Each structure stands twice: as C-alpha cells, then as structure tokens.
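The values are calculated or read from the model by the stated rules, or taken from the named source; none is laboratory data. If you're wondering where the values come from, they're calculated on a predicted model, not measured in any experiment. As a convention, Cβ positions derive from the backbone with ideal geometry for all residues, glycine included, and neighbour counts pool all protein chains shown. Surface accessibility is based on the protein's heavy atoms, side chains included, excluding ligands, DNA and RNA. Shrake-Rupley method; radii C 1.70, N 1.55, O 1.52, S 1.80 Å.
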Amino acid sequence: MDITSLNNYSLTNLSKINVLLGKNGSGKSTLLKKVDTELTVENLGEVSYITPERGGNLKFMATVEQNSSIDQNWLRSQKRKNQWDQYKAYSVALFRKLETLVLREIEQDPAIRRNLEHTFNTIMDKINNLLTNIRIERTNLGDFEIFLREDGSKIESSNISSGESEVIALAIECLAFAKGCTAGRQNILLIDEPDVHLHPDLQSKFLVFLIDLVETNDMKIIIATHSTAILGSLVDFVDSRFAILENKSTSPQFKEISQIYKTILPIFGAHPLSNLFNQSPIFLVEGEDDVRIFQQAIRTSQGSLKIFPCSTGSINNLNDYEDAVIEIINGVYDNAQAYSLRDRDGVAGEIVDKPPVTRYRTACRNAENLILSDETLANMGTTWANMQAAIENWLAHNSSHVKFNSMRAFQQGGYDRKGFDLKQIRNALMGISPSSKPWEVAVGQVIGKIKIGEIAIDYNEHKICNYLGVKLSALL
C-alpha cells in the first residue's frame, strides 16, 4: 500500500505493521498527524492517532466519557496533542465501549455466537497476557479493577508501575480500534511512541499483541518510535516494514527487514535513550572465528573492552552491513559510533573510514596470523624458536597429511609469520603447540590483556600490536 494523497508527504510500500524510526525532531509525529488529518485514499475506513505522551490515571471520569462520546472532533483534537493528561481516563471510558463492541459482534454474527469460547473475557485475556504482576477484572459498572497476581489483593491504579499502566491503556485502544474497523476498507492505526515507559521485554510482548491484531482484523498499523527493540521484535513477521526518517524527510520508503537487519537489530535492542548502545558499540567482523576472538578479549579484559562483536558472514558482506548500521545510527542515535574490521588479505594501506563507522584492517594477513605473534605463543606456553622446531619435526613425519603441502609452503617461503595465509594450517599449528586452548581463545586472551595493561603495547616485529596495526591497537 502507498499513501501519496498527503500534501507534500508520502509513505510508500506499507505492509500490515510499519515502523518509522527516527530521532527526536525528525518529524515522525508530524508525519503521523498528517496521515490522521489529511488522508484521502479510496476505500478509506477508520483512522486513529494515539498520542505519544499518554498521561493521567486509569480511573473513570464521566466528563471524559461524555466529551469523547458526544464530540468526535473534541476527541480527535485531544488525541493529536503531544501530551494529553486525561488519556488514561479516556482509556477506561473506551474499555466500556470495547465491551459494547464485542457484545454487539457476538449478537450480530451467528458464527461468533455459536463459538462459546468467544466472549469478552477472551478480549480481557489479551490484555492480561501483557501483564506479569497484575491482572484486570471487570466490574458491574462496566469498568475494571486491578489485582495483584501474587496474592489476589486489589491494588489502586495509582500504585501500579508506569509501564503496566501504559500497556493497559495502549491495549484497550488498539483492541477498540480493531473491533471498530470497517471490513474490506483501509483501516489505519497510528501509534506514536508506544515504547514510552515500556521495558524492552514489554515492548516485545506488545508487538506480539499487535501482530495478533493485524492477523485477525482488517487493519494496518504505523508506529513512530525511537526504539530499535520494537523493530527487532518484528524480524520474523513477514508482513512488517520499516523506514528511517532523517532530517525531516517527507517521503519515507518502507522496506522489508532483510537478513542483515535481522542480524544486527538485536544488538541495537536497548532503547537508545538508555545510552547502552554508545557504551558498547557494534563491532562488525568477517566471521564467527573473529566473534569468538573478541568475545574472549572482552571477558579477559573484565569488561574494559567495550564493543559488541557481530559476524557479517564473510568479507563480501561487510560493506552492506556497514551501510545498514550507518542507516540505523544516523536515524536513531545521537553521536553514536560503530566499528568494522577486515583482514589484510594482501591489501596495501589503511582503509578509509565510513563515518560514523570507523573501519580497521589488520596489519597481518588474517586473524590466524595472530596465533604466531610472540605474545600469543607465550600464552600457549611456547616460543617461536620452539614452534619452528616443532614444524620442522612435523614436516619430517607427516608427508601424507592433507595439509603437508601448505605447511611446507610456509616453511619454504621463509616462515613469514605475518604475511603467509595461515588459514589452511591453523589447526595443524595448534596441534603441534603445547596448548590445548582453541586458537581463538589464545588470541583473545592476549588482546584482552593488552586492554588492561597486563601485556605492554609494543610495535616491534612479531609483537601482536605490530600484527594488529597501530589504528586497531589504539581501539583495543
């Protein structure tokens, strides 16, 4: 679906659930309000906007119910405000309307009426499934009361957490919208910042709730948010799209969540306002071996090395991953940083940065060459002189070994520890060393010790910093 009927605004390639990411001031709310006020597409059904600052208390207020029932223009104007301090009182009034809509649905549809499991209690279950510590129950007056799950005692709405209050109000409005949709028409629910006050886990549960709604009702949802946790919750839902709004763009193009985004989005899972991402920026590497090296380095550094390694699968994917990371960073975070690392692979010179991604290239040919740095050999309980003697002995007794020719090429090439392609013989090298450690662990421990100062920074020949290079060593 495309929306192109807005004055100077458009949204293209919409699906059932659509996420609009962007920083504060990027124009997300403005765009949603444009859809709410100016949308004129063929076959248009219901359109409703949910304000981002949903204030108040979950207490019934007769004046709010009366105003919202009698004057729809008043209601829509209140909901378009960035802050509405009576929103949750409206949610309680809407709960009453929701019950009426459900009972009318049961009364008018014989198939639903025959389904004895379809009652208003099943609708309440959808709300209660979002709640861990409390539950709501209907009262005879048509509203609801709140009880602790632990002991069944009643609790006042003013004493529940802001997240619990928030998700109850959101769930009621979404359910009421779904029940009020016009079948066969374009019904669009616009939710502005549903992540407010919601822990990432609760954000994820709320998105599961929304997926169920769009799969069982004739409706589409557009969500404006700062939260990559919300987008990350949609990675396996095929009818989801996302766009990143930058510099008050007026024409976001929504796209599918590709495999690249499925890989990196969990790393961006924390709400950006928590600043957790800035504390441990994403560190793109070529493969799982590199991930294991730097995971070990982080452990050895006792948390001093603050990066989050992420495998791109191969060198061929690194550029695409960098572009995806840049898109997310620029669209969501302020002054964030990311990193990527490539093997040297015979390429001369340093690699140019792609801000905000700082790019690195090892000074040695591959990560495997780090095995033969002086410090890693010492960590494995040996020296290069002893290792070289062990290689000579291995060559003298293993002429039929599948890696014999590769090992001999290493020998005949003058034992170029830094520049020879050691990928093919890394396991053989580890096998003739006195260490039982996996090679990634041996290398990662040395890198972690550099970070905490147990190993000195030394760029002399065959030192690990010489193999890593000056630029990468400065990060570590």
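Criterion applied to A409, A442 was being surrounded by 16 or more Cβ atoms within 10 Å (Cβ to Cβ), at pLDDT 95 or above and either among the hydrophobic types (A, V, I, L, M, F, W, C) or in a helix (DSSP H, G or I) (or both), and the one residue passing it is A442. Do we find a residue being of a type in the set (S, T, N, Q) and closer than 16 Å to M380 by Cβ anywhere in region 459-475? Within region 459-475, none of the residues are of a type in the set (S, T, N, Q) and closer than 16 Å to M380 by Cβ. The C-beta contact set for region 192-215 (first residue more than 20 Å from Y87 (Cα to Cα) and open to solvent by 50 Å² or more (accessible area, probe 1.4 Å), second residue assigned to a helix (DSSP H, G or I) and of a type in the set (A, V, I, L, M), distance under 7 angstrom, 6+ apart or interchain) is empty. Determine the pairs where a residue that is closer than 21 Å to A367 by Cβ and open to solvent by 20 Å² or more (accessible area, probe 1.4 Å), located within region 325-342, has a partner that is aliphatic (A, V, I, L, M) and in a loop (DSSP other than H, G, I, E, B) with Cβ atoms under 8 Å apart, the partner being 6 or more residues away or on another chain. If the second residue must be aliphatic (A, V, I, L, M) and in a loop (DSSP other than H, G, I, E, B), the pairs left are Y339/I307. Among the residues of region 412-439, which ones are touching a residue at least 60 places away in the same chain (Cβ under 8 Å) and in a helix (DSSP H, G or I)? Of everything in region 412-439, just one residue is touching a residue at least 60 places away in the same chain (Cβ under 8 Å) and in a helix (DSSP H, G or I), namely W439. Contact map, region 19-38: residues that are assigned to a helix (DSSP H, G or I) paired with residues that are of a type outside the set (D, E) and open to solvent by 60 Å² or more (accessible area, probe 1.4 Å), Cβ distance under 8 Å, separation 6+ or inter-chain. Pairs shown: S29/N82; T30/K248; K33/R80; K34/N7; D36/R76; D36/R80; T37/R80; E38/N7.
So Y360 fits all but one of (1) closer than 21 Å to E461 by Cβ; (2) free of Cβ contacts under 8 Å to residues at least 24 places away in the same chain; (3) among the aromatic types (F, W, Y); what number is the exception? Result: Y360 passes all but (2).
Restricting A336, A348 to residues that are over 32 Å from the mean Cα position of the chain (by Cα) and either in a loop (DSSP other than H, G, I, E, B) or over 14 Å from C465 (Cα atoms) (or both) narrows the list to A348. Note on region 414-425: among residues that are modelled with pLDDT of 95 or more and either of a type in the set (S, T, N, Q) or open to solvent by 40 Å² or more (accessible area, probe 1.4 Å) (or both), the one that is nearest to E286 (Cα to Cα) is D421. For Q388, the criteria (1) touching a Phe, Trp or Tyr at 6+ places or on another chain (Cβ under 8 Å); (2) over 21 Å from V347 (Cβ atoms); (3) open to solvent by less than 50 Å² (accessible area, probe 1.4 Å) hold in every case but one, which is (3).
Which residues, counting only those in region 346-368, are loosely packed, with under 13 Cβ neighbours inside 10 Å and either farther than 18 Å from I307 by Cα or out of contact with any helix residue (DSSP H, G or I) (no Cβ under 9 Å at 6 or more places or on another chain) (or both)? Result: G346, V347, A348, G349, V352. Can you tell me which residue is nearest to the chain's Cα centre (by Cα) among those in region 313-324 that are modelled with pLDDT of 95 or more and open to solvent by less than 10 Å² (accessible area, probe 1.4 Å)? Once the filter is applied, the top-ranked residue is E322. Just one of (1) in contact (Cβ under 8 Å) with a residue 60 or more places away in the chain; (2) among the charged types (D, E, K, R); (3) out of contact with any strand residue (DSSP E or B) (no Cβ under 9 Å at 6 or more places or on another chain) fails for D236. It is (1).
Condition check ((1) crowded, with 16+ Cβ neighbours inside 10 Å; (2) touching a Ser or Thr at 6+ places or on another chain (Cβ under 9 Å); (3) at pLDDT 90 or above) across all residues:
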site	(1), (2), (3)
L75	yes, yes, no
Q78	yes, yes, no
L98	yes, no, no
E107	no, no, no
N140	no, no, no
E145	no, yes, yes
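Taking residues in region 267-288 that are surrounded by 22 or more Cβ atoms within 10 Å (Cβ to Cβ), and partners anywhere that are at pLDDT below 60, the pairs with Cβ atoms closer than 7 Å and at least 6 places apart or on different chains are F268/F277; F277/A270. Among the residues making up region 451-476, those that are under 24 Å from F420 (Cα atoms) and part of a helix (DSSP H, G or I) are I464, C465, N466, Y467, L468, V470, K471, L472, S473.
Whenever a residue of region 451-464 is touching a residue at least 12 places away in the same chain (Cβ under 8 Å), its partners that are among the acidic types (D, E) and not in a loop (DSSP other than H, G, I, E, B), lying with C-beta atoms within less than 8 angstrom and at least six residues away or across chains, give the pairs I455/E375; H462/D374; K463/D374; K463/E375; I464/D374; I464/E375. Could you grab me the full set of residues in region 464-475 that are open to solvent by less than 60 Å² (accessible area, probe 1.4 Å) and out of contact with any helix residue (DSSP H, G or I) (no Cβ under 6 Å at 6 or more places or on another chain)? Scanning region 464-475 gives N466, L468, G469, L472, L475. For the subset of region 237-256 comprising residues that are among the acidic types (D, E) and out of contact with any Gly (no Cβ under 7 Å at 6 or more places or on another chain), which member is nearest to K16 (Cα to Cα)? Going through the qualifying residues, I end up with D239. Residue count for region 144-192, restricted to those that are assigned to a helix (DSSP H, G or I), out of contact with any His (no Cβ under 6 Å at 6 or more places or on another chain), among the charged types (D, E, K, R) and farther than 27 Å from I106 by Cβ: 1.
Restricted to region 222-312, the set of strands (runs of 3 or more DSSP E) holding at least 1 residues that are at pLDDT below 90 and farther than 25 Å from E375 by Cα comprises 240-244.
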